[in-house]
Amino acid sequence: KIERRSHRSGQPRIHAAPALAPPRRLGASALGAMETEAFEKLRANLWDFMKTEVYPNELVYFQQVDEIRKLGPSHWRQPPIVCELREKAKARGLFNLFLPVDSAAAAGRSGGGLTNLQYADCCEIMGTSNHAEFAAEACNCASPDTGNMEVLARFGTEEQKRRWLEPLLNAEIRSCYAMTEPAVASSDATNIRTSIVRDGDHLVINGRKHWITGAGNVDCKIMILMGRTNPDAKPYRQQSQVLVPMDTPGITLVRPMHTFGDDDCPKGHMEILFEDVRVPVSNILWGEGRGFEIAQLRLGPGRIHHCMRMIGQAERALSLMCSRATERTAFGQRLADMGATLQTVAQARADIDQARLLVREAADRMDRLGNRDPYTRKLLSLVKAVVPSMTQKVIDAAMQLHGGLGVCQDTFLPVAFAGARSLRFADGPDEVHWRTAGRLEFAHQQKESPLFKIGRYEHDKSQPFRSKL
């Protein structure tokens, strides 16, 4: 159960800044960070959990999901193996590791006691499972619940935390986040058109959403919905985020959206129709017109969690590639001894390690500066653009080396490939992240870079090399 606790102050860590990075200001989110020795024990505990409980049960998970799918939509809930592993994870102290110490302090609840940087290591380890969130589900660290819990922790009232956050932290219910719409380019949040109209003490919601992850699960009890409350306000003040209980009349789950033919049972990425859905005005989070701000604050940590897990997927693909190359012979030579294989493996190692360094820097800056800091925001956008693409590339190389085996059910590679490729849309298209990072880089160069104004050399051209004859 949830243990309430008060805010406890501590000393934030101070790191030397790169020479060309903007000055770093101290933040509060490193307060109460887990000590190094305790954290190393936690990591060892998590690795043992993965080896003894998660990897041996991956096929069991998929078999149970197939059985649930055959029973029909009214049976879509977590398979028994996840519930079993949750109890074991709780007993090991591996539950709710995602909730950083600053969010836990803001909520007056306890999480895993980790910083974002420490959680990056744990999330990568959990991300080596198949599917990528199987271990995260067991540790109550899976999307979209983690992002929704962060929103409730930071912006919910005490009553909203009691009603929704606590059962989510206890894994008693699930949640979903409704933002994307089929009628508009939803990567630009100002396009959101679902209407939220005030009628006395209630809000009336009308619209259509799709790709709403987690809504298909019968244990999904609460939705955070983003819609337009004031079409006449400035573009970034038109949207609000509202808590919508899933049993509210007027909500229709139209269909699960399929990803490469997969309905993602028992979670589901649902198309949802809202017809005169009424909720109390008090269900607005953080006040009317703050929806865009909440979306930005939510999607920083939530999206970087996906990237942390993707690095775990890439690591597993690389290990599988190396294992296959050492046991396979062609044209009188082990694949591991061929020049092309050596180069592919080395490039994969370089790509993974570079991406990891980018993720860790972003997580570290979030711990100290939050994700409003421009340089941190740029890193978050770079991470979102770089990591899924890198993971897809590494997995594709592993599939190629496996031949036909790489695209069948005998390895984790097809599921991992679909996950990495889908993530290049799910958290916003790559192009949007590159665009954001590019604009922030231009702003940084013009305002803060000591090199920007050095410019070109001016040469003396008064003496020509050769006079015209």
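The values are calculated or read from the model by the stated rules, or taken from the named source; none is laboratory data. Please read all numbers here as calculations on a predicted model, not as lab measurements. Cβ: placed from backbone, ideal geometry, glycine included. Neighbour counts: every protein chain shown. These area figures cover heavy atoms from the full protein model, side chains too; ligands, DNA and RNA do not enter into them. Shrake-Rupley method; radii C 1.70, N 1.55, O 1.52, S 1.80 Å.
Using 0.36 nm per residue and subtracting the Cα-Cα separation, the extra length available between Lys70 and Phe331 on full extension is 89.4 nm. With K and R counted +1 and D and E -1, the other residues having a Cβ less than 12 Å from that of Arg435 yield a net charge of -1.
Compactness of the chain is given as radius of gyration and Dmax, 24.1, 93 Å, from Cα positions.
Note on exposure: Phe155, Phe62, Phe260, Phe49 ranked by accessible area (1.4 Å probe, complete protein assembly) read Phe260, Phe62, Phe155, Phe49, with the most exposed listed first. Mark the label point 7 Å from the Cα of Ala91 along Cα→Cβ and return the residues of region 60-85 whose backbone N is within less than 13 Å of it. Under cut-off, by backbone N: 84-85. Distance between the 7 Å Cα→Cβ label points at Glu431 and Thr157: 4.3 nm.
Highest mean packing comes first when the peptides 386-395, 217-226 are listed by Cβ atoms within 10 Å, giving 386-395, 217-226.
Available extension along the chain between Ala340 and Ala44 is 103.1 nm, counting 0.36 nm per residue and deducting the alpha carbon span. For region 403-469, the ratio of Cα radius of gyration to the globular rule of thumb 2.2 N^0.38 Å stands at 2.37. Backbone amide hydrogens, once placed in the peptide plane, bring Gln239 within less than 5 Å of Thr229, Gly291, Phe292, excluding anything fewer than 5 places away on its chain. The Rg/Rh ratio for region 288-400, using Cα coordinates for both the radius of gyration and the Kirkwood hydrodynamic radius, is 1.16.
In this structure Ser74 has an accessible area near 80 Å², from a 1.4 Å probe over the protein heavy atoms. Distance between the 7 Å Cα→Cβ label points at Glu458 and Ala233: 5.0 nm. In plain terms, the chain from Phe465 to Glu37 could stretch by 147.2 nm, reckoned as 0.36 nm per residue minus the Cα-Cα distance.
Quick one: net charge around Leu335, please, counting Lys, Arg +1 and Asp, Glu -1 for every other residue with C-beta under 10 Å from its C-beta. The answer is +1.
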